[in-house]
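As structure tokens, the structure follows; a few thoughts come after it.
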Amino acid sequence: MKLYNLPFVMHGPGEETEDKFMAEIPALPGCRAWGDSTDQALENLQSVAAAFIESYKEMGDDLPPEPWREEVNEYGG
């Protein structure tokens, strides 16, 4: 499985986030998730980002190029 090290931005609760925490990955436009806590927002963001990347691949689209993106191979045993 390939993992990507993508920076995210965490927004605190407020009117714009419907009083929830919102995490987003700026390199993947539209890739964001909400939660009642920062941990929940990040957990949700991981699922959304995985689906987002899988969708890019299924459609044959290239992921947006970013110089800081690292591709990491994870090996299970």
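The values are calculated or read from the model by the stated rules, or taken from the named source; none is laboratory data. Worth saying up front: this structure is predicted, and the values here are computed from it rather than measured. Reconstructed Cβ throughout: ideal geometry from the backbone, glycine too, with neighbour counts over all protein chains shown.
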(Q) Out of the residues in the stretch 37-77 meeting the condition of being charged (D, E, K, R) and in a strand (DSSP E or B), tell me which one is modelled with the lowest pLDDT. (A) 71
Q.
Just to verify a result, which residue in the stretch 7-27, among those that are surrounded by 14 or more Cβ atoms within 10 Å (Cβ to Cβ) and out of contact with any Leu (no Cβ under 7 Å at 6 or more places or on another chain), is farthest from residue 61 (Cα to Cα)?
A. 13
Q.
Could you tell me how many of the residues in the stretch 34-45 are surrounded by 15 or more Cβ atoms within 10 Å (Cβ to Cβ) and either under 22 Å from residue 65 (Cα atoms) or free of Cβ contacts under 8 Å to residues at least 12 places away in the same chain (or both)?
A. 1
